[in-house]
Amino acid sequence: MGSRFLLLASACAAQQPAVSDHDMTKMQHAHTHDGFMQGGMHHTVAQGVMLDAKSDQTSHVITLRVGPMNLPASTLHMKMPQPPELVWTIPMTGWLLAYHPKLIDAAGNSVPGVVLHHVAFWNENRSDFLCPNKEEHIFGAGGELTDWAQIPGFGYRVEKRDQIRIETMIHNPTTASYKDVFLEILIPYLDDAAPAPVKNFYPAWMDVAGCGNSGYDLPAGPSKKVGSVSVKYSGILLGVGGHMHDYAQQLTLEVSGVARSEVQPAEAENSRTEFAPANKQVAVLPAKVDDQGHLLNIPVVTFFQTGGYPIASGIKLTVTATYNNPTGKLLRDGAMGIVVGYFVPQDLAALNSLRHSPSSSPEAHQPHSD
Ligand SMILES: [Cu+2]
């Protein structure tokens, strides 16, 4: 399994070869807003787009469908009526194991992924463990339709009636029109009756913007942005991927400021105590771009095969994003730099307190002002 296991990233205006740089700037502006990832633009709402959720209790797969959506040719997302925010109510208590997205038409034929600007799932019942001002961002994908594969032995814990907000943004940079398109996401799951329950993992979004809005202005030429977040929990990282935009060069993740004294003797006995020394590199993720600098992909580095990368409570995670923008001009909100991974706390109950009722996290979803 290895390299396909995760992520990444909800995405972006990154991969649109058919669009000019000028248009790209406008499109990327759309990243700043309430959801921290989605657009700050006032889109027209597409009529008749519904969420359909079905659980197959034999195969243990949930099928979500968002649609139907109509996508006229060569239409940027700002001109495209956008699906409303939709809420998926979790039907069972158990674990979500993976997310397999695809785009199809009403007849089941495949539609190019590039018409998906991005989709993001937010758990309105939980706060993010690194940035409690945000909701837990449990899944994201862009035009690359990144598959978040299953990690044996681990899953994302959900409770019946949890509210998952689904934000979908579409556009059509191609010269073909598509009608009655559905975004379909297959989600294998385990319910509580599972004979071999899995351990809980939590999504870890480590952003050069810290806990603020992810988008930032990309200067002309080479540039570098660095941001940190501190971790209040000990545990392991199972692996990391990344999310950037066009003209990306590299993401790095480092740990520093080890708090050894916080490792209690009792914990030390059944866990690794060799926490990373100061300023240690965790992962380097070189971006792959085409000859015009458009982002193709960012690799995934996994640690779960070797027991996970140990993280001590009190350390700082630092992300560095480097770009080289050849357009000669500043691209407004043109960049993001996010390392995304899965975290497993040492104390399995440590993150339980991040659960809350959907209404008690106003900051995470306030209306934007722009
Ligand atoms: Cu982005």
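The values are calculated or read from the model by the stated rules, or taken from the named source; none is laboratory data. The structure displayed is predicted, hence computed values, not measured ones. Quick reminder, even Gly has a Cβ in these numbers, built from the backbone with ideal geometry, and neighbours come from all protein chains shown.
Spot the failing condition for Asp207; the list is (1) surrounded by fewer than 23 Cβ atoms within 10 Å (Cβ to Cβ); (2) at pLDDT 95 or above; (3) among the acidic types (Asp, Glu), and only one is missed.
(1)
List the residue pairs whose Cβ atoms are under 6 Å apart, where the first residue sits in segment 137-148 and is under 19 Å from Trp88 (Cα atoms), the second is assigned to a loop (DSSP other than H, G, I, E, B) and within 12 Å of the ligand (Cβ to nearest atom), and the two are 6 or more positions apart or on different chains.
Pairs found: Gly140/Ala9; Gly140/Ser10.
Looking at segment 104-113, can you tell me whether even one residue there is closer than 19 Å to Leu296 by Cα and assigned to a strand (DSSP E or B)?
Scanning segment 104-113, I find no residue that is closer than 19 Å to Leu296 by Cα and assigned to a strand (DSSP E or B), so the answer is no.
Say we look at segment 118-130 and pick out the residues that are touching a Phe, Trp or Tyr at 6+ places or on another chain (Cβ under 8 Å) and away from the ligand (no atom under 16 Å from the Cβ); which of these is nearest to Lys160 (Cα to Cα)?
For segment 118-130, the residue satisfying everything is Asp128.
Within segment 153-196, how many residues are in contact with a Phe, Trp or Tyr (Cβ under 9 Å, 6 or more places away or on another chain) and among the hydroxyl-bearing types (Ser, Thr, Tyr)?
2
If you take the residues in segment 214-229 that are among the hydrophobic types (A, V, I, L, M, F, W, C) and away from the ligand (no atom under 16 Å from the Cβ), which one is nearest to Tyr323 (Cα to Cα)?
The qualifying residue nearest to Tyr323 (Cα to Cα) is Ala220.
Evaluate the following for Asn133: is it away from the ligand (no atom under 16 Å from the Cβ), surrounded by 23 or more Cβ atoms within 10 Å (Cβ to Cβ) and of a type outside the set (Asp, Glu)?
no
Confirm whether His137 is touching a His at 6+ places or on another chain (Cβ under 7 Å) and within 24 Å of His245 (Cα to Cα).
Judged against the criteria, His137 is not a match.
Looking at segment 203-214, can you tell me whether even one residue there is over 17 Å from the mean Cα position of the chain (by Cα) and either within 27 Å of Asn352 (Cα to Cα) or charged (D, E, K, R) (or both)?
no
I'm trying to understand the selection: among the residues of segment 231-261, which are at pLDDT below 95, of a type in the set (S, T, N, Q) and part of a strand (DSSP E or B)?
Ser256
Taking only segment 191-233 into account, find how many residues are under 29 Å from Gly328 (Cα atoms) and of a type in the set (Val, Ile, Thr).
Final tally of qualifying residues: 2.
For Ile185, only one of the following conditions fails: (1) aliphatic (A, V, I, L, M); (2) more than 22 Å from Gly337 (Cα to Cα); (3) modelled with pLDDT under 95. What is its number?
Exception for Ile185: condition (3).
Looking at Phe201, is it in contact (Cβ under 8 Å) with a residue 40 or more places away in the chain, more than 16 Å from the ligand (Cβ to nearest atom) and among the hydrophobic types (A, V, I, L, M, F, W, C)?
Taking the combined requirement at face value, the residue satisfies it.
Within the group Asp192, Asp162, which residue is away from the ligand (no atom under 16 Å from the Cβ), surrounded by fewer than 18 Cβ atoms within 10 Å (Cβ to Cβ) and more than 24 Å from Leu253 (Cβ to Cβ)?
On the way: Asp162 fails: surrounded by fewer than 18 Cβ atoms within 10 Å (Cβ to Cβ).
After ruling out the rest, the residue left standing is Asp192.
Conditions first: (1) surrounded by fewer than 21 Cβ atoms within 10 Å (Cβ to Cβ); (2) touching a Phe, Trp or Tyr at 6+ places or on another chain (Cβ under 8 Å); (3) under 17 Å from Lys179 (Cα atoms). Ile138 passes all but one, so which condition is the exception?
(3)
Please state which of the following conditions Gln150 fails to meet, knowing it meets all the rest: (1) in a strand (DSSP E or B); (2) over 25 Å from His294 (Cα atoms).
Every listed condition holds for Gln150 apart from (1).
For segment 182-226, which residues satisfy the criterion of being in contact with a Ser or Thr (Cβ under 6 Å, 6 or more places away or on another chain) and assigned by TED's automatic domain parsing to the domain that holds Val319?
Asp207, Asn213, Gly215, Lys224, Val226, listed by residue number.
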